[in-house]
Amino acid sequence: LPSLRSPRNPEQKIIKRVIALEGDIIKTIGYKKKYVKVPHGHIWVEGDHHGHSFDSNAFGPVSLGLLHARATHILWPPQRWQKLEPMLPPERKPLQREEE
């Protein structure tokens, strides 16, 4: 899961799941367009709580320049300690992926 600077507030860091890469076409959830082709140099990110997450469905594709780090574990609170596994929910897979 990438850690990135919020497109709306560069002082804030957010952690989201990468749903689509540049060139992918994604069906959005409540974004101003129903389908988006992720532009060159961008990714589409979403939180795990659809409808309650500040993510690409609110602000659109994210520039790769805003990527800061990769989250690998949850450390706090202690009862949530766990390794984060890369996972793409099947219902959120891109509709079309450009071949390089």
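Brief remarks follow.
- Heavy-atom accessible surface of the range 20-100: percent carbon and sulfur, 1.4 Å: 56 percent
- Within the chain, the percentage of alpha carbon pairs spaced more than 21 angstrom apart rounds to 33%.
- Cβ-defined net charge surrounding Pro2, 9 Å radius [Lys, Arg +1; Asp, Glu -1]: +3
- Normalised by the number of residues in the chain, the average gap of Cα pairs under 8 Å and 6 or more apart makes the relative contact order 32 percent.
- Pairs of Cα atoms nearer than 8 Å and 6+ residues apart set the relative contact order; for the range 1-49 it is 34 percent.
- Too-long pairs where the Cα-Cα distance tops 24 Å, listed order kept, from Lys37/Lys83; Lys16/Lys83; Lys16/Lys37; Lys27/Lys83: Lys37/Lys83; Lys27/Lys83
The values are calculated or read from the model by the stated rules, or taken from the named source; none is laboratory data. The model shown is predicted, which means the values in this text are computed figures rather than measured ones. Here Cβ is always computed from backbone atoms with ideal geometry, including for glycine, and neighbour counts include all displayed protein chains. SASA here: full protein model, heavy atoms, side chains in, ligands and nucleic acids out. Shrake-Rupley method; radii C 1.70, N 1.55, O 1.52, S 1.80 Å.
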